[in-house]
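Here the structure is laid out as structure tokens; the discussion comes afterwards.
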Amino acid sequence: MSRMSRPPLHRPLLLPGLPRIWRGRTTLQVGLHPGRAILLDLPDPATAKILDLLDGTRPERAILRAAGTLDLSPADVRALLDVLHETGLVISTQRLYPPALDAPSRALLLSEATALALAADSRQPRFAPPALILRRRRSARIVVTGRGRLGAGIAVGLAEAGIGHVQADLPGPVGLVERIGGPLREAGVGTDRKHAVAQAIGRAAPSTDTRSIRRGTATLVVQLCHDQPVALLALAYLQHRQPYLAVSVREGAAVIGPLVPPGGRPCLNCLALFRQQPPAADPAPAGSDPAGAGPSELMMSGPEPLAVATALAASGYAVAEVLKFVDGTATETIGAEIEVSAPGRIRRRRWKPHPHCVCGQSRRWPEGQKP
Ligand SMILES: [Zn+2]
């Protein structure tokens, strides 16, 4: 085993869910993933008992004291901790959770924090510990607004993933269909949807703030189907430098994107301008020049047809995109739409900024003359 000089670990936690397999009398494998699994050479196999003490409740000094009562060599235990810490399989709880997180929230977020730790490589210099990511999520404010069956699932999913403030601006009554494949199963048909989603968030992640978020101050808005003209909607977001992610349902598929960062392009209006073209030209919209009238609107009628499995997959994809934006990692939907037609069946469609869209014109306006 390697030995390293390091300060004592603050309540070390062996990442939960890692399989352990004995590969001989003194060799223990921890983990199965080829890039993560390690082989521990334990001259005294009883040293493996220490792994059960790495549950995030004891400081390292207490673990070393416990080793003494188990007749284990403190040097062997220290070396074991060194290896597990060096490979990222043991993490200090300080790096797993933000310090301000209360105990019930920690319990709810254990799985999320562990998954973040497993997804990242702690040996990389740009490694962002789960505590940092969860702190960003805790301070994030997300609005989910508009009409659409996916709204409730996205709002609750974001709260469950640790977003601290989620406003479900989803007006209207709960319909029968939206109780299927989402978190509104317990909501009565006809009850107020905003209230029902806030209640669902309260059950899933009680510490989440669900109050209204002042316009223009959200970290990100998830924009579902909208009643206002797309040009006005996109312009309002542009004026407030409000980032947003479009989510809609079209002909049995969910469409996620584009994500429009502050001042970013293309915007929703760019896509509408391109869609004004005849269907024959639709597959290759980028770079075209549909001069003429304003953008056509996608008119939807009746309930959104969407298979339950597709709705679940699409909600998960949308939640992941929001979290990537909040976490500061690369998203898939800037300048692109992701069409989810079934779980595992996605199509990515890239879009360019439209040359006539107001989002580009704003860059040419002199200071003080913006709309
Ligand atoms: Zn635009």
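Only the coordinates and a few stated rules stand behind these numbers; no lab work does. As the structure is a prediction and not an experimental result, all values here were calculated from the model. For neighbour counting, all protein chains shown are included, and Cβ atoms are generated from backbone atoms with ideal geometry for every residue, glycine included.
Summary of values
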item: Note, ³J(HN,Hα) from phi for the range 171-176, Karplus 6.51, -1.76, 1.60, rounded to Hz, x at Gly and Pro; result: x, x, x, 5, x, 4
item: At 1.002 mPa s and 20 °C, Stokes D of the range 177-256 from Kirkwood alpha-carbon radius, µm² per second; result: 144 µm²/s
item: Zone residues, the range 186-211, relative to residue 308, backbone N less than 19 Å from point 7 Å out along Cα-to-Cβ; result: 186-189
item: Cβ-Cβ FRET estimate between residue 361 and residue 320, R0 fixed at 22 Å, reported to 0.05; result: 0.10
item: Under the span-like rule (Cα at least 27 Å along the axis, Kyte-Doolittle mean at least 1.0), DSSP H helices of the chain; result: 308-327
item: Residue 214 paired with residue 46, simple spin-label distance in nm, labels 7 Å along Cα-to-beta-carbon; result: 6.4 nm
item: Cα gyration tensor shape of the range 12-94, rounded if a/c is under 1.5, else prolate or oblate by comparing a/b with b/c; result: oblate
item: Virtual spin-label span in nm between residue 176 and residue 250, 7 Å along Cα→Cβ; result: 2.9 nm
item: Computed [θ] at 222 nm, helices only, for the chain once each DSSP H run of length n ≥ 4 contributes -39500 (n - 2.57); result: -9500 deg cm²/dmol
item: Rel. contact order, % - alpha carbon contacts under 8 angstrom, at least six apart, the range 1-127; result: 30 percent
item: Residue 66 versus residue 348: modelled label distance in nm, points set 7 Å from Cα along the beta carbon direction; result: 4.5 nm
item: Computed E for residue 75/residue 110 - FRET, C-beta separation, R0 22 angstrom, nearest 0.05; result: 0.10
item: Cα convex hull of the chain - mean projected area over all directions, nm²; result: 22.6 nm²
item: 18 Å Cα-Cα reach of residue 352 towards aspartates and glutamates, excluding residues that sit fewer than 8 places from it in its own chain; result: 282, 289, 332, 337, 339
item: Set of the range 146-176 residues, backbone N closer than 13 Å to the point 7 Å along the Cα-Cβ line of residue 195; result: 172-174
item: Proximal charge balance of residue 203 [Cβ under 14 Å; K/R count +1, D/E count -1]; result: -1
